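Each remark here refers to the structure printed beneath this line.
The values are calculated or read from the model by the stated rules, or taken from the named source; none is laboratory data. In this text, all values refer to a predicted model and were calculated from it rather than measured experimentally. Ideal geometry is used to build each Cβ from the backbone, glycine not excepted, and the neighbour counts take in all protein chains shown.
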Amino acid sequence: MSFAIALFLSSALSSTHAQDLPLARIYTIGQHHGDEAPAKFDQGWLGLIVKNGKAELKSVRPQVKTVYDQVLDDINNKQSYSGREISVKGDAPLLLIQMNSLTPGKVEMATIEQIENSATLTFHQQDYVLDHECVKQKAGTKLTPCKIILQQGSNKQAIEENFLYPDGNFTKSVQVVWAGDLDRDGKLDLILRTNGDNNSILMVYLSSMAKGRHMLKKVASYEIIGC
């Protein structure tokens, strides 16, 4: 293989890998399994504080402490303790996020009206609807594919997948954890959580990273397995 071809392939692989990397890192405070939290946090973290109907991104330095994991550890053997507890001083943040384009300061919030797995969000006098669109269920089908859709007027975007059981329940419940303007571009941003049988996934979507007619782009996700 020539040097030029090798260099091209290396650049292509690096570019592809970079596109796969998350644009931000997120965690939540509280207790986690050992592989769900770092042993130590570096600098540059922000906490989303929601208090008295107002929201703020605040510079924080998360602390990590080794604790007993009731699922994996022997309570009588402290050397086996593998859980990690994340905490910060002061008010407890809804979310910890590290992203270069986000800065400390107040952020606007949207109003949220959630009913089961759908929600209506109002921001800057515009209504957004978060709901499901599923293909037509066929008799005998165990799981029907669905899309989680965000719609504002005629603009519609599929942001996640879900599946529908024959009994009308979804394989994952969907919750709008927060909605507002994290990146301060005047457009709606979302924090969603999906809960499955044995996992919970927290996801952050920002409008400033979206391209074309898309309203949002997912910049980070954080999965917790088990209880």
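So, in the range 79-115, of the ones that are loosely packed, with under 11 Cβ neighbours inside 10 Å and more than 21 Å from Val219 (Cβ to Cβ), which residue ends up nearest to the chain's Cα centre (by Cα)? Result: Ile115. For the range 159-172, state whether one or more residues are within 30 Å of Pro93 (Cα to Cα), within 24 Å of the chain's Cα centre (by Cα) and surrounded by fewer than 18 Cβ atoms within 10 Å (Cβ to Cβ). Yes: the range 159-172 contains one or more residues that are within 30 Å of Pro93 (Cα to Cα), within 24 Å of the chain's Cα centre (by Cα) and surrounded by fewer than 18 Cβ atoms within 10 Å (Cβ to Cβ). Residue count for the range 116-136 under the criterion of being surrounded by fewer than 18 Cβ atoms within 10 Å (Cβ to Cβ), within 18 Å of the chain's Cα centre (by Cα) and of a type in the set (S, T, N, Q): the result is 1. Is it the case, given these coordinates, that Thr144 is of a type outside the set (A, V, I, L, M), modelled with pLDDT under 95 and in contact with a Leu (Cβ under 6 Å, 6 or more places away or on another chain)? Judged against the criteria, Thr144 is a match. Among the residues of the range 45-84, those that are in a loop (DSSP other than H, G, I, E, B), farther than 27 Å from Ser101 by Cβ and among the charged types (D, E, K, R) comprise Asp69, Asp73, Asp74.
If you take the residues in the range 189-214 that are in a loop (DSSP other than H, G, I, E, B) and not charged (D, E, K, R), which one is surrounded by the fewest Cβ atoms within 10 Å (Cβ to Cβ)? Here the answer is Gly212. Residues in the range 203-213: is at least one in contact with a helix residue (DSSP H, G or I) (Cβ under 7 Å, 6 or more places away or on another chain) and modelled with pLDDT under 95? Within the range 203-213, none of the residues are in contact with a helix residue (DSSP H, G or I) (Cβ under 7 Å, 6 or more places away or on another chain) and modelled with pLDDT under 95. Restricting attention to the range 73-84, does a residue exist that is free of Cβ contacts under 8 Å to residues at least 12 places away in the same chain and either in the same structural domain as Tyr165 (by TED's automatic domain parsing) or basic (Lys, Arg) (or both)? Looking through the range 73-84, at least one residue is free of Cβ contacts under 8 Å to residues at least 12 places away in the same chain and either in the same structural domain as Tyr165 (by TED's automatic domain parsing) or basic (Lys, Arg) (or both).
Tallying residues that are outside any strand (DSSP E or B) and either at positive phi or of a type outside the set (D, E, K, R) (or both) within the range 120-150 yields 8.
For first residues located in the range 89-104 and assigned by TED's automatic domain parsing to the domain that holds Asp42 and touching a residue at least 60 places away in the same chain (Cβ under 8 Å), partners that are assigned to a strand (DSSP E or B) and small (Gly, Ala, Ser) and lie 6+ apart or on another chain with Cβ distances below 6 Å form the pairs Pro93/Gly47; Leu96/Gly47.
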